[in-house]
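*Asks:* Pasting a structure below so you can have a look.
The values are calculated or read from the model by the stated rules, or taken from the named source; none is laboratory data. Note that the coordinates shown come from a computational prediction; the quantities given were computed from them, not determined experimentally. Please note: Cβ atoms are built from the backbone with ideal geometry, for glycine as well, and neighbour counts cover all protein chains shown. We work out accessible area using only protein heavy atoms, side chains counted, and drop any ligands, DNA or RNA first. Shrake-Rupley method; radii C 1.70, N 1.55, O 1.52, S 1.80 Å.
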Amino acid sequence: MTWTNFVAMGDSFTEGMNDAYPDGTYRGWADLVAARLAVEAGPHFGYANLAVRGKLLDEVLTEQLEPALAMQPSLVSFAAGGNDVLRRKVDPFGLVHRIDAAIAQLRAAGADVILFRFADVTSHLPGQRIVGPRAAALNDGTRQLADRHGAILIDLFADDAFHHPLLWSDDRLHLSPAGHCRVAAHVLNALGVGVAEDWMLVPPEPAPTPWLLARGADLRWAGLHLAPWIKRRIVGDSSGHLVTAKRPELGPIDAIA
């Protein structure tokens, strides 16, 4: 099947952090997917990426759903709720209920929809016992939504390769360039579009880190990434407070084979 356009909705996962272009903006899996789809669709293919880092589900719905519908998309990706499950209080079943209504609108508008079961990021973050069950509930609910609405489900949680530390960036929360390539490959394979085999490659396992060096790395990570995150939560700030969508309107993207 050939789609005439692709609209990506969500947060940092879909914005592309931390897969940087040379100019410092982010590429990410969605750009890779769009560039490959453009090969199939030709020069009139349009791509918009409305995702902004730090957004909670309700912000994604409020700020991105109507603009996405207005573009009359033939293909939409929806990935949100991950930031919510990291908050102190959240009802994951309520998240699924609100996503349900949005997917129904997108499908009623004629769009094919891509949904995700998120990879297990909790294995290398603190608070696993609290966050893990919430993330599992969101993932399980997303599977049910995909079945109910006939959406395309990308099951990253089932891919054990995402336990590999080099598929994640130094902040341990966002994907590395290799991680984004692997997500893009999963999406394109699910869409029935050929993809370069090297997009699925997993870097060699790093050598085991001695205990003392590992604890030092944990402390540096806490200072560079965890402490600023906690501070933003305390003051009610967001990493995306002053960030706007990188591709707010449908436009061409350079095709890649």
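*Asks:* Would you point out which residue out of 190, 104 is of a type in the set (Gly, Ala, Ser), open to solvent by 20 Å² or more (accessible area, probe 1.4 Å) and within 17 Å of the chain's Cα centre (by Cα)?
*Replies:* Working: 104 fails: within 17 Å of the chain's Cα centre (by Cα).
The conditions single out 190.
*Asks:* Just the residues that are polar (S, T, N, Q) and either modelled with pLDDT of 95 or more or more than 20 Å from the chain's Cα centre (by Cα) (or both), please, taken from the stretch 121-150.
*Replies:* Here is the first cut: in the stretch 121-150, the ones polar (S, T, N, Q) are 122-123, 128, 139, 142, 144.
Selection gives 139, 142, 144.
*Asks:* With the structure loaded, tell me whether residue 20 is modelled with pLDDT of 95 or more and either farther than 27 Å from residue 192 by Cβ or charged (D, E, K, R) (or both) or whether it fails that test. Step through it out loud before you land on a result.
*Replies:* Working: modelled with pLDDT of 95 or more: no; either farther than 27 Å from residue 192 by Cβ or charged (D, E, K, R) (or both): yes.
So residue 20 fails the test.
*Asks:* Which residue out of 88, 98 is closer than 21 Å to residue 144 by Cα and of a type in the set (Lys, Arg)?
*Replies:* None of the others qualify; the one that does is 98.
*Asks:* Residue check: is residue 135 touching a strand residue (DSSP E or B) at 6+ places or on another chain (Cβ under 6 Å), open to solvent by 10 Å² or more (accessible area, probe 1.4 Å), within 22 Å of residue 59 (Cβ to Cβ) and not charged (D, E, K, R)?
*Replies:* On the way: touching a strand residue (DSSP E or B) at 6+ places or on another chain (Cβ under 6 Å): no; open to solvent by 10 Å² or more (accessible area, probe 1.4 Å): yes; within 22 Å of residue 59 (Cβ to Cβ): yes; not charged (D, E, K, R): yes.
Answer is no for this residue.
The rows are residues; the columns are (1) outside any helix (DSSP H, G or I); (2) of a type in the set (Asp, Glu); (3) open to solvent by 50 Å² or more (accessible area, probe 1.4 Å); (4) modelled with pLDDT of 80 or more.
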site	(1), (2), (3), (4)
183	no, no, no, yes
186	no, no, no, yes
204	yes, no, yes, no
209	yes, no, yes, no
212	no, no, yes, no
220	no, no, yes, no
231	no, no, yes, no
238	yes, no, no, no
245	yes, no, no, yes
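*Asks:* Determine if the stretch 68-79 includes at least one residue that is at pLDDT below 95, farther than 16 Å from residue 251 by Cα, in the same structural domain as residue 185 (by the TED database) and buried (at least 19 other Cβ atoms within 10 Å of the Cβ).
*Replies:* Residues of the stretch 68-79 that are at pLDDT below 95, as a first pass: none.
Within the stretch 68-79, none of the residues are at pLDDT below 95, farther than 16 Å from residue 251 by Cα, in the same structural domain as residue 185 (by the TED database) and buried (at least 19 other Cβ atoms within 10 Å of the Cβ).
*Asks:* Which of the helices (runs of 4 or more DSSP H) contained wholly in the stretch 8-117 include at least 3 residues that are more than 19 Å from residue 153 (Cβ to Cβ)? Don't jump to the end; show me each part of the working.
*Replies:* Numbers: elements: 12-15, 28-41, 57-70, 82-85, 92-108.
The helices (runs of 4 or more DSSP H) meeting that bar are 28-41, 57-70.
*Asks:* For the stretch 9-67, which residues satisfy the criterion of being of a type in the set (Lys, Arg) and either over 15 Å from residue 175 (Cβ atoms) or open to solvent by less than 30 Å² (accessible area, probe 1.4 Å) (or both)? Write out each step before concluding.
*Replies:* First, pick out the residues of the stretch 9-67 that are of a type in the set (Lys, Arg): 27, 36, 53, 55.
The answer is 36, 55.
*Asks:* A follow-up question, please. Which residues, taken from the stretch 157-176, are without any contact (Cβ under 8 Å) to a residue 12 or more places away in the chain and outside any helix (DSSP H, G or I)?
*Replies:* Those that are without any contact (Cβ under 8 Å) to a residue 12 or more places away in the chain and outside any helix (DSSP H, G or I): none in the stretch 157-176.
*Asks:* Looking at the stretch 142-188, which of the residues that are of a type in the set (S, T, N, Q) and in contact with a strand residue (DSSP E or B) (Cβ under 9 Å, 6 or more places away or on another chain) is nearest to residue 79 (Cα to Cα)?
*Replies:* 142
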